[in-house]
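First comes the structure, then the notes that go with it.
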Amino acid sequence: MKKLLLGTAVAAMGFAFAAPASAANGVKLELGGHYKGYVFWQDQDVDAAADAAGLDARSIDAVREPEIHFTGETTLDNGMTVGAHFEIQAGGQYAGRMGNTNDGQFEESYLYFSGSWGRVNFGAEDGAAYLLQVAAPSADSNYDGIRQYVSPFNYDATLTNAPTGTAHLTPLGGTTTTTAVDTVFDYAQDLTVYKEKITYLTPVLNGFQAGVSYTPEMGWDNGYNGAFGTNIDDQNNDLGSGYEVAARYEGMFQQVGFVIGGGYTLIDLEDTTAASGHDDNEAWNVGADFNFGPFGLGVVYTEDNQARDNDSDKQTWVVGADYTTGPFKIGASYLNRDEELGTGAGDWETDRYTGGVTYTYGPGMTFRGSISYIEHDAPAGNGEDMDGTAVLLGTQIDF
């Protein structure tokens, strides 16, 4: 599979460069980005340890997620487009509220080449499984969309030293027996995150598009090797190469528009010790979205074994609907996540209900308001049941 993915992408790049051409002005970068800012009210449970210490969660606060983008491209005489894209985190929820700033940190950084033969991305960018993933309608895409950018709830985000890179689910901190589970409740299939990779996307042919990605090294236990040398291989309990395939089809049947698609990700486990419980990381998704005039309805299902072989699967269902009238979009969504905590440890189940309105008040400018209720049911003897309610009011400006 590695040879197939790499060979396909390299062949596409080779075809692109087969006929040299020139662009008079070259590539010049332009400035862009967005600012997502919210104030919110929330009421959530705290765990027993935090409660005993007299700690509580602040009911009114603010979150933000701003980014600066640099993008530039040019089209050569042979029709091929050459471009570059960079994204810099300009602060965010944790940078703005907790002091551990990530201002100036690059997220995406990649080159791309496109033409009638398709598109190739090379560098730090999401893979095909995410780029072609079908999204369900949402109340506010920044909160209950395919990727969650803001959250009003507090969780203990201390990362474990496991290939899953997950976190303990504990409101406000404190002690808990809950094993590693997620603290982000979206459904993006982005397991290879912004690791260095090469992706090939076919052109859209009669509504159909497919893609493949190859990530040489995931490396939870060792960092990016920069411009020199190579990453370490054959490490115990370390994830290695990642492979992704995905496809989607968009069309119209009578008066109903639809998008259907799915994707699969495999990340190799380099090596493992006996009885470690670690395994290759496998995940897949399927989704469908339908539009009936101003109405939208969609459903998505994802499954992830979380790189373990001891009953640690994570299964997520999302159903969303929306209605658009003039500058207003009214939306609602339901998310259900069932996360196995390991052999004999039971399941952690999450239900989230969200409704909201988005109002477009100018080009690339929206006001957003939503109300959400989230409930976590812990298995007996492995954590605490928790719930919370939140109201978010904010704006997003794209520039």
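Among the residues of the range 335-373, count how many are closer than 20 Å to V318 by Cβ, among the aliphatic types (A, V, I, L, M) and in contact with a Phe, Trp or Tyr (Cβ under 7 Å, 6 or more places away or on another chain). Total satisfying the criteria: 2. Residues to consider are T273, T343, T350; find the one that is among the polar types (S, T, N, Q) and more than 30 Å from E384 (Cβ to Cβ). Just one listed residue meets the conditions, T273.
Would you please name the residue that is modelled with the lowest pLDDT, looking only at residues in the range 132-157 that are under 23 Å from P379 (Cα atoms) and under 19 Å from the mean Cα position of the chain (by Cα)? Full working, then the answer.
To start, the set of residues in the range 132-157 that are under 23 Å from P379 (Cα atoms) comprises 153-157.
From the residues that got through so far, the ones that are under 19 Å from the mean Cα position of the chain (by Cα) too are 153, 155, 157.
Working: F153: 86, Y155: 74, A157: 46.
Among those that are under 23 Å from P379 (Cα atoms) and under 19 Å from the mean Cα position of the chain (by Cα), it is A157.
Does the range 259-276 contain at least one residue that is of a type in the set (S, T, Y), surrounded by 17 or more Cβ atoms within 10 Å (Cβ to Cβ) and more than 30 Å from P137 (Cβ to Cβ)? Yes, because at least one residue in the range 259-276 is of a type in the set (S, T, Y), surrounded by 17 or more Cβ atoms within 10 Å (Cβ to Cβ) and more than 30 Å from P137 (Cβ to Cβ). Would you check if there is a residue in the range 227-244 being in contact with a strand residue (DSSP E or B) (Cβ under 6 Å, 6 or more places away or on another chain), over 22 Å from Q189 (Cα atoms), of a type in the set (D, E, K, R) and at pLDDT below 95? Checking the range 227-244: at least one residue is in contact with a strand residue (DSSP E or B) (Cβ under 6 Å, 6 or more places away or on another chain), over 22 Å from Q189 (Cα atoms), of a type in the set (D, E, K, R) and at pLDDT below 95. Within the range 79-105, the set of residues being assigned to a loop (DSSP other than H, G, I, E, B), more than 21 Å from G32 (Cα to Cα) and modelled with pLDDT under 95 comprises G79, G99, N100, T101. For beta carbons closer than 9 Å, sequence separation of 6+ or different chains, a first residue in the range 368-382 that is free of Cβ contacts under 8 Å to residues at least 60 places away in the same chain and part of a loop (DSSP other than H, G, I, E, B) and a second that is of a type in the set (F, W, Y) and surrounded by 18 or more Cβ atoms within 10 Å (Cβ to Cβ), the qualifying pairs are P379/W348.
Looking only at the range 245-253, decide whether some residue is hydrophobic (A, V, I, L, M, F, W, C) and free of Cβ contacts under 8 Å to residues at least 60 places away in the same chain.
Going residue by residue through the range 245-253, those that are hydrophobic (A, V, I, L, M, F, W, C) are 245-247, 252-253.
Restricting the remaining residues to those that are free of Cβ contacts under 8 Å to residues at least 60 places away in the same chain gives 252-253.
There is at least one residue in the range 245-253 that is hydrophobic (A, V, I, L, M, F, W, C) and free of Cβ contacts under 8 Å to residues at least 60 places away in the same chain.
Output the residue which, of all residues in the range 17-41 that are in a loop (DSSP other than H, G, I, E, B) and surrounded by 11 or more Cβ atoms within 10 Å (Cβ to Cβ), is modelled with the highest pLDDT. Looking at residues that are in a loop (DSSP other than H, G, I, E, B) and surrounded by 11 or more Cβ atoms within 10 Å (Cβ to Cβ), I get L29.
Within the range 198-226, residues that are on the phi < 0 side of the Ramachandran plot reach partners that are modelled with pLDDT under 85 and part of a strand (DSSP E or B) with beta carbons closer than 6 Å, at six or more positions or on different chains, in the pairs M218/L239; W220/L239. Inclusion of G331 among residues that are in contact with a helix residue (DSSP H, G or I) (Cβ under 9 Å, 6 or more places away or on another chain), closer than 21 Å to D140 by Cβ and small (G, A, S) is warranted. Condition check for G344 on (1) surrounded by fewer than 17 Cβ atoms within 10 Å (Cβ to Cβ); (2) under 19 Å from L392 (Cβ atoms); (3) not charged (D, E, K, R): one failure, at (2). Kindly indicate whether D47 is charged (D, E, K, R), modelled with pLDDT under 90, surrounded by 19 or more Cβ atoms within 10 Å (Cβ to Cβ) and under 27 Å from M386 (Cα atoms). So D47 passes the test. A search for C-beta distances below 7 Å between a residue of the range 346-361 that is closer than 14 Å to Y323 by Cα and modelled with pLDDT of 95 or more and any residue that is among the aliphatic types (A, V, I, L, M) and not in a strand (DSSP E or B), counting only pairs 6+ apart in sequence or on different chains, returns G355/A139; G356/A139.
In the range 375-399, the residue that is surrounded by the most Cβ atoms within 10 Å (Cβ to Cβ) out of those that are aliphatic (A, V, I, L, M) and modelled with pLDDT of 95 or more is L392.
The values are calculated or read from the model by the stated rules, or taken from the named source; none is laboratory data. Quick caveat: nothing in here was measured; it's all calculated off a predicted structure. As a convention, Cβ positions derive from the backbone with ideal geometry for all residues, glycine included, and neighbour counts pool all protein chains shown.
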